[in-house]
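Note sheet for the following structure.
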Amino acid sequence: MIEQIYEKVFNFERINRDEGVKLLKKGDFLTLGKLANRVRFKKHPERIVTFILDTNINYTNICYVGCSFCAFYRKQGEPDAFTLSISELKEKIMEAQRMGITTALIQGGLNPELPYEYYLDMVKELKKSSVHVHAFSPPEIDLMSKISKKTVDEVFKDLKEAGLTTMPGGGAEILSERVRKKISPKKISTERWLEILEKAHKHGIKTTATMMFGHIEKEEDIIEHLDRVRSVQDKTGGFTAFIAWDFKRENNELGKTVKNGITGIDYLKIVAIARIYLDNFDNIQASWASQGKGIGELALHFGANDMGSMLIEENVMKEAGFRAEASVDEIASLIKKAGFTPALRTTDYKVIKYF
Ligand code: SF4
């Protein structure tokens, strides 16, 4: 039976949910890697691996949602709670620009005290610099819709007018209500997450899709997640890339109950399954920043064609006790050693420079 699924993938046929679950549960590790690579090279025949130089800035860590896996958020009034003014945010971005970034990935906690104009002014102000503003995950858009009393469509119209062109598909964790109700009951639902990104795509705002795994989910939940984003991609074609990272257990509630973290093999299997299942996604990222450079490099042989972000600034994983750092030369050298040509890219996957 599993051989029949291998054969389908080998012949570039789409697999269904049941087949995806079987492949994830029973698929041979190296066979999955080979199949994922076959799919990768059909889409990207050149041996090029891209990456982006960007910064991940959080404008606030104040958040009323309190997800059990989150080490980053603070409650209003806590000593290290912060909200940046737009000029502080701009200063950080200008500093990162001096280090060569092309994109600013901007996300916050869900701070209900911030007025709607704060978000629009932020995008307008940052747009004046030459940086690409890649900002706001679906839960932030939902909050903007609530505080402004506008529909999601109206919010996207305003943000687009202000200069927003792309968005990170964060806040997804696992798109299965069984899991979300346990780990983030106050966060937006799966349906709402998908609805918001589908609307973003219809407004011409391209996004990524993400997944955080390695906590309480089962294989069925992972495939449900992939299936839901694949269905939206069939309708809109608006996802540029898929990025998975694993749950980090330090400094958060969920970490006290999750006994075993994932292994490098678990991560590589997820990269391979994502490449195979998401047959309508062009780019699958190897998240070296969450897995470390060695696993990031190996992921390039399990279907990934992009090394993701260089992240001049990163706070969320750092708070959860994990920090991977690398210079541009180091990432380029890792890619070369893995047998590929490194290429620096923009947010919309245009190559700026080959190494
Ligand atoms: S993950 Fe996001 S929404 Fe959840 S508590 Fe952390 S900052 Fe808030």
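The values are calculated or read from the model by the stated rules, or taken from the named source; none is laboratory data. Fair warning: this is a prediction, and the values are worked out from it, not measured in the lab. Ideal geometry is used to build each Cβ from the backbone, glycine not excepted, and the neighbour counts take in all protein chains shown.
Taking ILE262 as the residue in question, decide whether it is outside any helix (DSSP H, G or I), out of contact with any Ser or Thr (no Cβ under 7 Å at 6 or more places or on another chain), within 16 Å of the ligand (Cβ to nearest atom) and aliphatic (A, V, I, L, M). Against the criterion (outside any helix (DSSP H, G or I), out of contact with any Ser or Thr (no Cβ under 7 Å at 6 or more places or on another chain), within 16 Å of the ligand (Cβ to nearest atom) and aliphatic (A, V, I, L, M)), ILE262 does not qualify. Beta carbons closer than 6 Å, at least 6 apart along the sequence or on distinct chains, pair a first residue in the stretch 164-175 that is more than 15 Å from the ligand (Cβ to nearest atom) with a second that is of a type in the set (Lys, Arg) for THR166/LYS206.
Out of all the residues in the stretch 271-324, which are modelled with pLDDT under 85 and β-branched (Val, Ile, Thr)? Correct list: ILE312, VAL316.
Let me confirm something: among ALA36, ALA81, which residue is modelled with pLDDT of 95 or more, touching a Lys or Arg at 6+ places or on another chain (Cβ under 6 Å) and assigned to a loop (DSSP other than H, G, I, E, B)? When all the criteria are applied, what remains is ALA81. Filtered by the rule that a residue be part of a strand (DSSP E or B) and basic (Lys, Arg), the stretch 195-211 gives a lone residue, LYS206. Just so you know, in the stretch 113-127 the residues that are more than 16 Å from the ligand (Cβ to nearest atom) and crowded, with 18+ Cβ neighbours inside 10 Å include one that is farthest from ASP142 (Cα to Cα), and it is LEU126.
Conditions tested, residue by residue: (1) in a loop (DSSP other than H, G, I, E, B); (2) modelled with pLDDT under 95; (3) surrounded by fewer than 19 Cβ atoms within 10 Å (Cβ to Cβ); (4) within 16 Å of the ligand (Cβ to nearest atom).
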position	(1), (2), (3), (4)
ALA71	yes, yes, no, yes
ALA96	no, yes, no, no
LEU105	no, yes, no, yes
ASN111	yes, no, no, yes
SER129	yes, yes, yes, no
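Could we say that ILE216 is touching a Pro at 6+ places or on another chain (Cβ under 7 Å), over 15 Å from LEU110 (Cα atoms), within 16 Å of the ligand (Cβ to nearest atom) and among the hydrophobic types (A, V, I, L, M, F, W, C) here? Spelling it out, it is not the case that ILE216 is touching a Pro at 6+ places or on another chain (Cβ under 7 Å), over 15 Å from LEU110 (Cα atoms), within 16 Å of the ligand (Cβ to nearest atom) and among the hydrophobic types (A, V, I, L, M, F, W, C).
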